[in-house]
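Here the structure comes first, spelled out in structure tokens, and everything after it is commentary.
The values are calculated or read from the model by the stated rules, or taken from the named source; none is laboratory data. Quick caveat, the model's predicted, so the values are computed rather than measured. When we count neighbours, we look across all protein chains shown, and the Cβ atoms used for this are built from the backbone with ideal geometry, even at glycine.
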Amino acid sequence: MKLNELRDNDGAARKKKRVARGPGSGKGKTAGRGIKGQKSRSGVAIGGYEGGQMPLYRRLPKRGFSKPNAKEYAVVNLGLIEKFIGLGKLDIKAEINEDALVAAGLTSNKRDGIRILNKGEIKSAVKLNVTGASAAAVEAIKAAGGSITVKAEAAAE
């Protein structure tokens, strides 16, 4: 194969439809815009405009609220912790804290803290030190013979 023989596969690149280029093009005369009316003119921005009537998006009431200072936790499941222990990325002899979970690659960053959830199964007796954990996750860790320390600020929420 030579450089001058390179080309796209058949049907890979479609030719752009050229409108308003005569009757033979199939999109001549009105260029696919129909006849008369606001949408056939140039400079039209209809997005949400209802001809002077109060638009629908302003007639409907606003709902909900987004807390501006809400805490966003990184979530780690128990099944993933067990998997990473099996792979040798987490050491169960030492206490597993949030930095160890990030270093192992369980989550890309801590955000406002790491929260453990009870998805999957844990068989290893681990010592965890994290920001938060669900009640079911705490139960599962203790049932496996491990221990978990949850930071006081997260437990208050």
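Go through (1) surrounded by 15 or more Cβ atoms within 10 Å (Cβ to Cβ); (2) modelled with pLDDT of 90 or more; (3) charged (D, E, K, R) one by one and return the number of the condition E139 breaks.
Evaluating E139 over (1) surrounded by 15 or more Cβ atoms within 10 Å (Cβ to Cβ); (2) modelled with pLDDT of 90 or more; (3) charged (D, E, K, R) leaves (1) as the failure.
Can you report the number of residues in segment 127-150 which are farther than 20 Å from E72 by Cα and not hydrophobic (A, V, I, L, M, F, W, C)?
Looking only at that region, the number is 6.
Within segment 31-46, which residues are in a loop (DSSP other than H, G, I, E, B) and either touching a helix residue (DSSP H, G or I) at 6+ places or on another chain (Cβ under 9 Å) or modelled with pLDDT of 80 or more (or both)?
A31, G32, R33, G34, I35, K36, G37, R41, S42, V44, I46 - these are the residues of segment 31-46 that are in a loop (DSSP other than H, G, I, E, B) and either touching a helix residue (DSSP H, G or I) at 6+ places or on another chain (Cβ under 9 Å) or modelled with pLDDT of 80 or more (or both).
What tally of residues in segment 94-126 results from selecting those that are part of a strand (DSSP E or B), in contact with a helix residue (DSSP H, G or I) (Cβ under 8 Å, 6 or more places away or on another chain) and more than 13 Å from N77 (Cα to Cα)? Give the derivation first.
Keep residues of segment 94-126 that are part of a strand (DSSP E or B), which gives 96-97, 111, 114-117.
Of the ones still in play, those that are also in contact with a helix residue (DSSP H, G or I) (Cβ under 8 Å, 6 or more places away or on another chain) are 96, 114-117.
Remaining after also requiring more than 13 Å from N77 (Cα to Cα): 96.
Total satisfying the criteria: 1.
State whether the residues of segment 51-73 include one that is in contact with a strand residue (DSSP E or B) (Cβ under 8 Å, 6 or more places away or on another chain) and exposed (fewer than 10 other Cβ atoms within 10 Å of the Cβ).
Checking segment 51-73: at least one residue is in contact with a strand residue (DSSP E or B) (Cβ under 8 Å, 6 or more places away or on another chain) and exposed (fewer than 10 other Cβ atoms within 10 Å of the Cβ).
Is there any pair linking a residue in segment 132-157 that is farther than 15 Å from K119 by Cα to one that is assigned to a helix (DSSP H, G or I) and at pLDDT 90 or above, with Cβ under 6 Å and at least six apart or on different chains, and which?
I148/V138; I148/I141
G120 versus (1) of a type outside the set (K, R); (2) touching a residue at least 40 places away in the same chain (Cβ under 8 Å); (3) surrounded by 19 or more Cβ atoms within 10 Å (Cβ to Cβ): which is the lone unmet condition?
Condition (3) is where G120 drops out.
Could you tell me whether G43 is loosely packed, with under 10 Cβ neighbours inside 10 Å, touching a Pro at 6+ places or on another chain (Cβ under 7 Å) and either touching a residue at least 12 places away in the same chain (Cβ under 8 Å) or over 30 Å from I141 (Cα atoms) (or both)?
For G43, the condition - loosely packed, with under 10 Cβ neighbours inside 10 Å, touching a Pro at 6+ places or on another chain (Cβ under 7 Å) and either touching a residue at least 12 places away in the same chain (Cβ under 8 Å) or over 30 Å from I141 (Cα atoms) (or both) - is not met.
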